[in-house]
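Single-structure report; data block below.
The values are calculated or read from the model by the stated rules, or taken from the named source; none is laboratory data. The structure displayed is predicted, hence computed values, not measured ones. Cβ placement follows ideal geometry from the backbone for every residue including glycine, while neighbour counts extend to all protein chains displayed.
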Amino acid sequence: MQIGIVGKPNVGKSTFFCSATLATVEIASYPFTTIKSNKGVGYVRGECPHVEFETQCMPRNAGCDDGTRLIPVELLDVAGLVPDACEGRGLGNQFLDDLMQADALIHVVDASGATDIEGNVVTPGSHDPLEDVKFLEKEISMWMKGILNRGWERSARQSHMEGRSVDSLIHERLTGLGVTLSHVNTALREIQPPENPQTWDQDTMYHLCDTIRKYAKPIMVALNKADQADDNALDRLVKAIGPMAVPTCAETELALKRAAKSGLIDYHPGDASFDIIDPSRLNTAQSKALDILKENIERFEGTGVQKCLETATYQLLDRIIVYPVEDETHLTDHEGRVLPDAFMVPRGTTARDLAYKVHTDLGENFIRAINVRTQRTVGNDYILQDNDIITIVSRR
């Protein structure tokens, strides 16, 4: 699973990425600081079953912090987007190509309204961040439309003559963007275009691509620099965008993580407070800086960065966590590690799907699975539930 961190230049996009991953990337106050995409790993939180089973886990693919399991999520920070990127303006082609396989997007906008549509610094409050939200959606939809349009008339005519379904034609053209047949069918049902694709005009094509985008590249909005935004303006943005908008303070999150890494404070990402470990170690400047950070984090009940990652993962993408183990009695793998792996899977995933995710051989030789909590045998079509612990039985 990959989440793209997107937005126009100079809105704190790379700071958000760095604060979520603690990766080292170039950060500066001018457009196109990010030229090549950066990849990193962030973490979302889940309840580790080791507490429930009164044992101690031995994580292999993520850590566990006092019963809170940390599950890795791949993040991609890409070049800033400017209007007409779909026509190659700025770093548009690279930006859009980088997003091809992203499952969801976190759109970082400057909630303070201090950067114009090109990413240039302007007077705070003089630019409406809602314009940024709309233009990003339009650019991605226009990008999809451009791909779908290439030779469409000829392909649609041939498809119609052969009696081929239009959904497969669309899917064939957009599959490289991570668009599934399910995305296409859902969009077609929603907009109900004319039955004959040869009659589709450009408005219909755009409407279709815009609807596909909503399902194939769902977007949530990080209202960054929230600490510099007017309260009324911030409230207006949250109400206008809806539940997929989260006020964030990426600079605060980055500073808190660095302070925690240096051993100055006890801070856990997502918390709404932190503790100073030893005040006597702080100089005057550090004490003042931590006071400002504390004010920000208490004002917004956290920095919002962790909330963005988890909202995108659990709500936007509707993912659940499952724990595959080989020994259902001791919750171990073949090396004796307790609850070694936490897998993030789409809701609706079956026991056989999980078997394939663990290893192709397990999927191909699947016999049955065991729900560890209930100790019941389940079949290949068993729908996994959040926090399930599953043993897969296969032909050896």
Filtered residues of segment 270-321 (kept if in contact (Cβ under 8 Å) with a residue 60 or more places away in the chain, touching a Lys or Arg at 6+ places or on another chain (Cβ under 8 Å) and charged (D, E, K, R)) | 310, 319
Identify, from the list 187, 260, 272, 285, the residue that is of a type in the set (A, V, I, L, M, F, W, C) and in a loop (DSSP other than H, G, I, E, B).
-> 272
Which residues, counting only those in segment 194-229, are of a type in the set (Asp, Glu) and either over 15 Å from residue 177 (Cα atoms) or not in a helix (DSSP H, G or I) (or both)?
-> 195, 201, 203, 227
Would you mind stating whether residue 11 is out of contact with any Cys (no Cβ under 8 Å at 6 or more places or on another chain), buried (at least 23 other Cβ atoms within 10 Å of the Cβ), part of a loop (DSSP other than H, G, I, E, B) and at pLDDT 90 or above?
-> yes
Matching residues, segment 117-135, being without any contact (Cβ under 8 Å) to a residue 40 or more places away in the chain, surrounded by 14 or more Cβ atoms within 10 Å (Cβ to Cβ) and farther than 24 Å from residue 218 by Cα | 122, 127
The condition from (1) surrounded by 12 or more Cβ atoms within 10 Å (Cβ to Cβ); (2) under 17 Å from residue 149 (Cα atoms) that residue 202 misses is numbered (1)
Matching residues, segment 177-225, being at pLDDT 95 or above and at positive phi = 192, 225
Go through (1) part of a loop (DSSP other than H, G, I, E, B); (2) within 17 Å of residue 73 (Cα to Cα); (3) not hydrophobic (A, V, I, L, M, F, W, C) one by one and return the number of the condition residue 301 breaks.
-> (2)
Unmet criterion (only one of (1) assigned by TED's automatic domain parsing to the domain that holds residue 66; (2) touching a Phe, Trp or Tyr at 6+ places or on another chain (Cβ under 8 Å); (3) more than 27 Å from residue 3 (Cβ to Cβ); (4) at pLDDT 95 or above) for residue 276 = (2)
Run residue 108 past the list (1) in the same structural domain as residue 245 (by TED's automatic domain parsing); (2) in a loop (DSSP other than H, G, I, E, B) and report the number of the one that doesn't hold.
-> (2)
Name the strands (runs of 3 or more DSSP E) wholly inside segment 321-396 in which the number of residues that are of a type outside the set (Lys, Arg) and in contact with an Asp or Glu (Cβ under 9 Å, 6 or more places away or on another chain) is 1 or more.
-> 343-346, 366-371, 388-394
Just one of the numbered conditions (1) surrounded by fewer than 16 Cβ atoms within 10 Å (Cβ to Cβ); (2) assigned by TED's automatic domain parsing to the domain that holds residue 223; (3) of a type in the set (D, E, K, R); (4) not in a loop (DSSP other than H, G, I, E, B) is not true of residue 307; which one?
-> (1)
Could you count how many residues in segment 379-396 are over 21 Å from residue 319 (Cα atoms) and either of a type outside the set (D, E, K, R) or surrounded by 16 or more Cβ atoms within 10 Å (Cβ to Cβ) (or both)?
-> 3
With the condition kept exactly as written, say whether any residue in segment 246-258 is surrounded by fewer than 17 Cβ atoms within 10 Å (Cβ to Cβ) and out of contact with any Lys or Arg (no Cβ under 9 Å at 6 or more places or on another chain).
-> yes
Since residue 348 meets every condition but one in (1) more than 19 Å from residue 51 (Cα to Cα); (2) touching a Cys at 6+ places or on another chain (Cβ under 9 Å), which condition does it not meet?
-> (2)
Residues satisfying the stated conditions in segment 154-172, i.e. modelled with pLDDT of 90 or more and either closer than 16 Å to residue 204 by Cβ or of a type in the set (S, T, N, Q) (or both) | 166, 167, 168, 169, 170
